[in-house]
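Values in this text are rule-based calculations from the coordinates and carry no lab data. Here the structure is a predicted model, which means the values were calculated and not measured. Positions of Cβ are backbone-derived with ideal geometry, glycine not excepted, and every protein chain shown enters the neighbour counts.
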Amino acid sequence: MSRRRFSLFPINVWPPLVDAVTLALAAFVLITGIAALAQRTLMGRLREKERELDRLREEKARVERRLRALAPAGTFEVEGGKVILQGEVLFSSGSDEVRPEARQLLSEMAQALSALLSAEPDQMILVGGHTDNVPIQNARFASNWDLSAARAVAVARVLIASGLPATRVAATGFAEHHPRAGNEDEASRRRNRRIEVLLVPIHSVSSR
């Protein structure tokens, strides 16, 4: 009687096992490659964002230098890229009528702003009106919102009359909600009664 050889594996398992290992290695290599590609893509995007931030910083610094050149005589302030004019310089208390002597100042400012707009074709002028936190009490204005908006529009009209294109000027009122200083005394309230003139990207206020 011949003896049958006893085999631990009655069939040959090596080919399927090799195939499985090969597939696992291929999957590992594929996943590693995808991860490396994703990392390179992410790093590329981060570098692109850094370049964009650098460009925005340079643009802001350039605009601020141009704005500071508007105030050689110290007739107004330049702070954070904004030209700031105190309310008392421009208006009587509770009024939105620009003082006659202030019109000359705004006219001179318009000439400088016109050159600035020519140099910055993707920017426009935003005139913002601000008040202190004392509620307005007169028959013309129902609230500080109304007063601040009316003053901003009055300044914008003078700037446009002095040569700025109406398509490059916008006006808005902020009332007392964005103070420069606390409203605890008259000195700080005076700082808050102001008109701010700044350059903003056209696309930020217009769909053009």
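Okay, here's what the table says:
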{"quantity": "Viscosity 1.567 mPa s, temperature 4 °C, Stokes-Einstein D of the chain from Kirkwood C-alpha radius, µm²/s", "calculated": "60"}
{"quantity": "Highest-fluctuation residue, G163, G33, G128 considered, GNM on the chain with Cα pairs under 10 Å", "calculated": "G33"}
{"quantity": "Estimated FRET transfer efficiency when R0 is 45 angstrom, pair R55-H177 (beta carbons, to 0.05)", "calculated": "0.90"}
{"quantity": "Span-like helix ranges in the chain, DSSP H, alpha carbon extent 18 angstrom or more, Kyte mean at least 0.5", "calculated": "144-161"}
{"quantity": "Dipole magnitude of the range 69-205, debye to nearest 20 (Cβ charges: Lys/Arg +1, Asp/Glu -1, about Cα centre)", "calculated": "220"}
{"quantity": "Geometric extent, Cα atoms of the range 147-191 - Rg, Dmax (angstrom)", "calculated": "13.6, 39"}
{"quantity": "With 10 Å bins from 0: P(r) over the range 41-161, alpha-carbon pairs, percent", "calculated": "11, 36, 27, 16, 8, 2, 0"}
{"quantity": "Relative contact order, percent, the range 69-205 [alpha-carbon distance under 8 Å, six or more residues apart]", "calculated": "34"}
